[in-house]
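Accompanying notes for the structure given below.
The values are calculated or read from the model by the stated rules, or taken from the named source; none is laboratory data. All of these numbers come straight from a predicted model, not from anything done at the bench. Every residue, glycine among them, receives a Cβ derived from its backbone with ideal geometry; neighbour counts consider all protein chains shown.
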């Protein structure tokens with residue numbers, strides 16, 4: 001016999017399962033959740049994690065099958081950035097002891113891309129610190145590296161170079177650049193708490209320029225900066241309005257010396273709920289898990305795919321080490337998934 005409290009709990013559980021089935025059906029039709037629905041999802045109690053994953057995995061499998069996109073990066077120009085992003089160890093505003101160096105030689109970029117390809121990556125991104133790449137000498141390095149990558153490697157060619165203008169991006173596209181990565185970092189309403197050295201709209205404008213030029217656009221953010229759950233939904237809504245192709249999801253790995261060095265805003269369950277939120281709100285898009293994966297998800301890393309991810313960064317990050325590639329490849333194999341060729 002069920003008492004009143006038990007009956008209430010059963011009714012509440014049934015309502016949540018019904019809601020998730022409705023969200024699942026909406027996503028399977030290609031329609032992302034509304035802002036209000038996204039807020040309902042992200043605020044579900046942690047005890048409903050596996051109910052959420054049961055639905056998000058179906059949506060991911062429907063649109064993305066059993067293939068996993070693997071990408072890798074090179075930190076081609078490190079440190080001395082004039083931006084004041086509160087999470088970034090490469091900002092010149094903070095004393096972080098990060099390694100600093102100018103643009104590396106083109107052949108180093110190509111050789112790193114070749115090594116990444118041997119580790120199973122299909123996309124390689126050239127990442128530079130700073131507001132933008134505008135020196136002629138740096139652009140020349142990128143042009144040469146892209147041209148040689150096109151000849152010498154099978155990799156899809158991506159770059160993350162900051163706030164860029166049409167002319168430079170077109171020159172890089174002519175050299176072989178296929179994808180452009182530029183994160184918004186967080187919701188527009190929270191951005192002033194994280195960065196004051198440029199306006200949010202400058203980032204949005206760069207993404208729009210990349211789309212207009214025909215690039216495959218990668219645009220996401222960093223979670224655990226102190227943003228609210230509702231602001232996580234707000235960012236997803238902005239990315240949907242921009243119609244980006246891929247959403248890189250990073251989880252804050254607090255760096256000593258930065259204003260957020262003591263931040264502790266995430267749990268493994270919270271990270272998985274964020275991934276699921278983005279799969280439900282942008283059901284047909286690529287969702288790639290990048291920085292902070294090991295630190296924040298720990299032993300629950302393999303659940304990123306059930307939560308809705310269909311890609312991840314393999315190898316090292318910008319200023320921190322990643323897991324050995326063979327461990328990630330084994331994890332993918334053990335899950336019955338396979339790297340996308």
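Looking only at residues in segment 89-109 that are within 16 Å of residue 316 (Cα to Cα) and at pLDDT 95 or above, the one that is surrounded by the most Cβ atoms within 10 Å (Cβ to Cβ) is 109.
Checking the condition closer than 26 Å to residue 247 by Cβ and outside any helix (DSSP H, G or I), which residue from 116, 159 passes? Full working, then the answer.
Details: 116 fails: outside any helix (DSSP H, G or I).
Checking each option against the conditions leaves just 159.
Does segment 202-213 include one or more residues that are modelled with pLDDT of 95 or more, within 28 Å of residue 322 (Cβ to Cβ) and out of contact with any helix residue (DSSP H, G or I) (no Cβ under 9 Å at 6 or more places or on another chain)?
First, pick out the residues of segment 202-213 that are modelled with pLDDT of 95 or more: 202-213.
Still in the running and within 28 Å of residue 322 (Cβ to Cβ): 203, 206-207, 210.
If we keep only those that are out of contact with any helix residue (DSSP H, G or I) (no Cβ under 9 Å at 6 or more places or on another chain) as well, we get none.
No, that holds for no residue.
Among the residues of segment 270-297, the one identified as surrounded by fewer than 17 Cβ atoms within 10 Å (Cβ to Cβ) and either in contact with a helix residue (DSSP H, G or I) (Cβ under 6 Å, 6 or more places away or on another chain) or within 24 Å of residue 217 (Cα to Cα) (or both) is 284. When residues in segment 279-292 are screened for being in contact with a strand residue (DSSP E or B) (Cβ under 8 Å, 6 or more places away or on another chain) and closer than 17 Å to residue 232 by Cβ, 9 of them pass.
Per the conditions (1) under 23 Å from the mean Cα position of the chain (by Cα); (2) within 30 Å of residue 126 (Cα to Cα); (3) assigned to a helix (DSSP H, G or I), the sole criterion not satisfied by residue 108 is (1). What is the residue count in segment 315-337 for residues that are at pLDDT 95 or above and touching a helix residue (DSSP H, G or I) at 6+ places or on another chain (Cβ under 8 Å)? Selection size over segment 315-337: 4. Taken together, 50, 62 contain a single residue that is surrounded by fewer than 17 Cβ atoms within 10 Å (Cβ to Cβ), at pLDDT 95 or above, touching a helix residue (DSSP H, G or I) at 6+ places or on another chain (Cβ under 7 Å) and part of a helix (DSSP H, G or I), which is 62.
Those helices (runs of 4 or more DSSP H) of segment 269-341 in which at least 2 residues are in contact (Cβ under 8 Å) with a residue 40 or more places away in the chain and farther than 30 Å from residue 45 by Cα, considering only elements entirely within it, cover 325-334. Any residue in segment 40-69 that is without any contact (Cβ under 8 Å) to a residue 24 or more places away in the chain sitting within a Cβ distance under 6 Å of a residue that is surrounded by 22 or more Cβ atoms within 10 Å (Cβ to Cβ) and in a helix (DSSP H, G or I)? List the pairs, counting only those 6 or more apart or interchain. Note: no pairs meet the criteria.
Taking strands (runs of 3 or more DSSP E) as the structural unit, those lying wholly within segment 187-258 and holding at least 1 residues that are farther than 15 Å from residue 85 by Cα and without any contact (Cβ under 8 Å) to a residue 40 or more places away in the chain correspond to 216-218.
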